[in-house]
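First up is the structure itself, then whatever we jot down about it.
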Amino acid sequence: MNSKIKRWVSKNVVVIVLIILCIVFGLSNDTFLSGRNLINLTSQMSINALLAAGLTFVIILGGIDISVGSVAALAGIASAMAGLLFPDMSIATSIVILIVSGVVVGGISGAINGLMITKFRVVPMITTLAMMSIARGLSYILTGGQPVYGLHNNFAWLGAGRLIKTESMPNGIIPVITIFTFIVVFLMHTLLSKTVFGRHVYAVGSNRQVAHLSGIHVNKVVFISHVLCGITAGLGGICVASKLQNGQPAACEGYEMFAIAATVLGGTSLVGGSGSVGRAIFGCAIIAVINNGMNLMQISSYWQKVVIVAIILAAVILDMSQKKNSK
Amino acid sequence: MGRKLFSVLVCISLTAAMLAGCGSKEEEAAPGVVTGDATETEETAAKTADDAGSESYKVGFIVGSREHVFYNLIEAAIEEKCQELGLEYIILDGQLDANVMSDEIQDLTAQNCDAIALSCNDAAGVKPAIEAASAEGIAMFTFDCTSESDAIICFAGTDNTEGGRLGAQEVLRLCKVGDKVAMIGYPTASSVLDRQTGFEEVIKAQSDIEYKFFGDYAGDANKAQQLMEDWLTQEPDLAAVFCAGDPAATGALAAIKAAGANTLVIGFDGNPEAKTAILDTEGNGKWWVSEISQNPSEIGSTITEQMHKYLTTGSVDSDFILIEPYIITIDNAAE
């Protein structure tokens, strides 16, 4: 019985930390546990969840992608520029523009990363560092440093729109961005946990040599994973552009660090071989809860920086020690 | 073999792309800018010398960052003024990095500039480089953000504290007794901290207005959106928010529209997107109603004039020139 509890705890540290944080913030602030705030939380964690969903694949492979923030910004710029071509867009048109921009820009960036890593054997850190600079640079070149603005209100539907309008909440209850993120995360989670490709990702991450010898096309798995990571980053970027109803060249700066932190918090090992998209989302939730809770409690932004990293570090240490014990 | 060929092709195309990139940059640069190309340097030097008669001075500028509209506008004014005064000039991008700026001061010194003006986002970090250049006899100037070094002959920049006060005045003009207001700032940037000081000085003296929230958006519009969303959850009737930078106003506006709130936005910077929003009275202008604008062209031309004056007469008008910010509303946004 005792060992059963221990095993459950060690598997679910991230969930337990999340619950404790919610209780602490709930006790110290009346607004925190209100329905409205909890729904806001799901939309606030969306961008990070999208970035982390694709990043999980790459990290399970034992790689890393630090270009996700810049790729997101570039995709956001591209979608805003494309959006300007349709001054009277409908909601459907705006969704097509946004998703196509995200998938195309993200997919191409991811494919370049994948190609550099598999064809030219450049280490992932260097490849994605280069992509980080190139994508950010392109965002500034394309915009001349200015935000892309003047978009139709329908452009903001995906990022800022809400469904189920009631009398007390005339703007709607459920954020569209939450539903969109849920669908993308669900697809990525299923792809990783229920398909042959997903099992190949784990196999390559655990031991490349063995995976190769057992007939897995290692390069193909690595390439596709980077493309997926680029696509989810692109989708994250178009969500930011839609949410703000404009394209900001400086958007998502440093977001790669939060996405990596969320993935690691979710128990994905940085040396590869294990991890899950679903758990990474709990990692995103922890980061979002800390940010939101501290905003509500009016804690100075300087302290926020320290507290957020301290909690992440503590959660990872706890997770590590639990895993050691359970071995 | 195939892979080798492919690698070679990629290398060639990368090199070509780099060269093309450099080439286009030179084309973009306005005539008179020294870009490091030897022949071009000589040509422009000769040209500006002709323009100015027998006496020609060489001046160097380091703008905060070419990635900001604000500095791009300052740069344009500097170029125009230098051409008007017949100064030979070099303009570099400081990338908002004290380390880069220090190196660039050395580069400009090595290129025999008579005077250098820079925008110090990190006042302490650039001080040693400023003093080293000054010791070599180069006249040192600052604009936008200054350094506490004694070597600075003249500074020209926005009166940010006054800008903050103007923001508070706009908030008071738009609010009524008992209203709750907020500010989104960026206290690690000294110029934005000054705006906060000016704003709080006025707003905290008001007993009939409640200054409820302050948040740091760290230059990230998405972060400003989240701050505003969280505040509106707690205080749906927030009357106004003073945003000490246009990205903050953009983020706040998105959150206000999504929440269906009536909070008014008072921005800071005077960038084109602010003017467009204010003029859009049926849309964004319902919330974004006022803007405190800096005057980047005035900053650029003033500092250039003072450098020219110092080099020709040995004195400046004042060692600390503040350029007044001004208010933009629907009445003057179209100008």
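By how many nm would the segment from A:SER214 to A:MET257 lengthen if fully extended, with 0.36 nm per residue of separation less the alpha-carbon distance? Provide the component values of the computation, followed by the final result.
Details: separation 43, 0.36 × 43 = 15.48 nm, distance 3.45 nm.
Result: 12.0 nm gained on full extension.
Quote the charge dipole size of segment B:160-293 about the Cα centre in Debye, to the nearest 20; the model charges only the Cβ of Lys and Arg (+1) and of Asp and Glu (-1). Please report the intermediate quantities before stating the final value.
Values: 11 positive and 20 negative charges, 32 e Å.
Roughly 160 debye for segment B:160-293.
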**Message:** Could you report the buried accessible area between A and B, both sides summed, computed with a 1.4 Å probe and given in Å² to the nearest 100?
**Reply:** 3200 Å²
**Fill in**
Violations at 18 Å Cα threshold for listed pairs A:LYS243/B:LYS223; B:LYS180/B:LYS223; B:LYS81/B:LYS309; A:LYS119/A:LYS220; B:LYS223/B:LYS257 -> B:LYS180/B:LYS223
**Message:** Suppose accessible area is computed on protein heavy atoms with a 1.4 Å probe; arrange A:ILE174, A:ILE231 from highest to lowest.
**Reply:** A:ILE174, A:ILE231
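Kindly state, to the nearest 0.05, the FRET efficiency for A:LEU142 paired with A:PHE197, given R0 = 35 Å and r defined as their beta-carbon distance.
On the way: r = 34 Å, r/R0 = 0.96.
About 0.55, to the nearest 0.05.
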**Request:** Specify whether the C-alpha gyration tensor of segment B:160-293 places it in the rounded, prolate or oblate class, a ≥ b ≥ c being the square roots of the eigenvalues: rounded for a/c under 1.5, otherwise prolate if a/b is larger than b/c and oblate if not.
**Result:** rounded
**For segment A:272-293 and segment A:94-149, distance of Cα centres in Å** = 24 Å
**Spin-label model distance (nm) - A:LYS4 vs B:THR281, 7 Å beyond Cα toward Cβ** = 7.2 nm
**Message:** Could you give each residue of segment B:256-267 its phi-based ³J(HN,Hα) in whole Hz, using Karplus coefficients 6.51, -1.76, 1.60 with θ = phi - 60°, and x for Gly or Pro?
**Reply:** 5, 5, 5, 7, x, 8, 10, 4, 8, 10, 10, x
**Complete:** Relative contact order as a percentage, segment B:160-293, C-alpha pairs under 8 Å and 6+ apart, gives 25 percent
**Asked** Toward the positive end of the charge dipole of segment B:160-293, about the Cα centre and with charges on Cβ (Lys, Arg +1; Asp, Glu -1), which of B:GLN225, B:ALA205, B:VAL241 goes farthest?
**Response** B:ALA205
**Message:** Which residues, if any, in segment A:224-270 lose at least 10 square angstrom of accessible heavy-atom surface (probe 1.4 Å) when the other protein chains sit next to their chain rather than the chain being alone?
**Reply:** A:VAL240, A:LYS243, A:LEU244, A:GLN245, A:ASN246, A:GLN248, A:ALA250, A:TYR255
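Relative contact order of segment B:242-335, please, whole-number percent, based on alpha carbon pairs below 8 angstrom and at least 6 residues apart.
On the way: 124 pairs, mean separation 25.2, N = 94.
The value is 27 percent.
Estimate the FRET efficiency between B:LEU322 and B:SER297 by the formula 1/(1 + (r/R0)^6), using the beta-carbon distance for r and 25 Å for R0, to the nearest 0.05.
On the way: r = 16 Å, r/R0 = 0.62.
About 0.95, to the nearest 0.05.
So what's the convex hull volume per residue for the Cα atoms of the protein assembly as shown, in Å³? Intermediate values should be presented prior to the final figure.
Working: hull volume 121.5 nm³, N = 662.
Here the figure is 183 Å³ per residue.
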**Fill in**
A 1.4 Å probe over the protein heavy atoms gives the protein assembly as shown a carbon and sulfur accessible-area percentage of 61 percent
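So, R0 is 35 Å and r is the distance between the beta-carbons of B:ALA76 and A:VAL122; what FRET efficiency does that work out to, to 0.05? Spell out each step's value before the answer.
On the way: r = 39 Å, r/R0 = 1.13.
The calculated FRET efficiency here is 0.35.
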**Complete:** Sorting A:THR93, A:MET169, A:ILE231 by the position of each Cα along the dipole of segment A:88-247 (Lys, Arg +1; Asp, Glu -1; all at Cβ), the one nearest the positive end of that ordering is A:ILE231
**Prompt:** What is the dipole size for segment A:16-321, taken about its Cα centre, with +1 at each Lys and Arg Cβ and -1 at each Asp and Glu Cβ, in debye to the nearest 20?
**Reply:** 540 debye
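Pairs of alpha-carbon atoms within less than 8 angstrom and 6+ residues apart define the contacts here; what relative contact order does chain A have, in percent? Present the calculation step by step, with values, prior to reporting the outcome.
Values: 598 pairs, mean separation 112.3, N = 327.
Value for chain A: 34 percent.
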**Message:** Quick query: amide H of B:PHE61 versus all other amide H atoms, modeled in the peptide plane; which residues come in under 5 Å with a sequence gap of 5 or more or a different chain?
**Reply:** B:ILE90, B:ILE91, B:LEU92, B:ALA117
**Message:** Using DSSP H assignments, which helices in chain A have an axial alpha-carbon span of 20 Å or above and a mean Kyte-Doolittle hydropathy of 1.0 or higher?
**Reply:** A:13-28, A:46-60, A:68-84, A:91-119, A:124-143, A:176-194, A:218-244, A:277-296
**Prompt:** Which value in deg cm²/dmol, rounded to the nearest 500, describes the helix-derived mean residue ellipticity at 222 nm for chain A, given -39,500 (n - 2.57) per DSSP H run of n ≥ 4 and division by the residue count?
**Reply:** -24500 deg cm²/dmol
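Once you have the Cα-Cα distance between A:ILE23 and A:VAL100, take 0.36 nm times their residue separation minus that, and quote the gain in nm to one decimal.
Details: separation 77, 0.36 × 77 = 27.72 nm, distance 4.04 nm.
Gain in length upon complete extension: 23.7 nm.
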**Request:** Might you tell me the accessible area per residue for chain A, computed with a 1.4 Å probe and given in Å²?
**Result:** 44 Å²
**Request:** Calculate I(q)/I(0) for segment B:135-197 by the Debye formula, one identical point scatterer on each C-alpha and no solvent, and give its log10 at q = 0.21, 0.23, 0.30 Å⁻¹ to two decimals.
**Result:** -0.89, -0.98, -1.24
**Asked** Along the charge dipole of the protein assembly as shown, Cβ charges K/R +1 and D/E -1, which of A:ALA52, A:ILE299, B:ALA189 sits furthest on the positive end?
**Response** A:ALA52
**Message:** How many angstrom lie between the Cα centre of segment B:246-295 and the Cα centre of segment B:70-123?
**Reply:** 32 Å
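Around B:THR276, what is the net charge, scoring Lys/Arg as +1 and Asp/Glu as -1 over all other residues with Cβ under 12 Å from its Cβ?
Working: positive: B:LYS275; negative: B:ASP246, B:GLU273, B:ASP280, B:GLU291.
Summing Lys/Arg as +1 and Asp/Glu as -1 gives -3.
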**Prompt:** At what distance in angstrom do the alpha carbon centres of segment B:179-212 and segment A:224-254 lie from each other?
**Reply:** 32 Å
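The values are calculated or read from the model by the stated rules, or taken from the named source; none is laboratory data. Note that this is a predicted model, so its numbers are computed, not measured. Note: ideal-geometry Cβ built from the backbone for every residue, glycine included; neighbour counts use all protein chains shown. The protein model used for the area step is the full one, side chains on, heavy atoms only, and it has no ligands, DNA or RNA in it. Shrake-Rupley method; radii C 1.70, N 1.55, O 1.52, S 1.80 Å.
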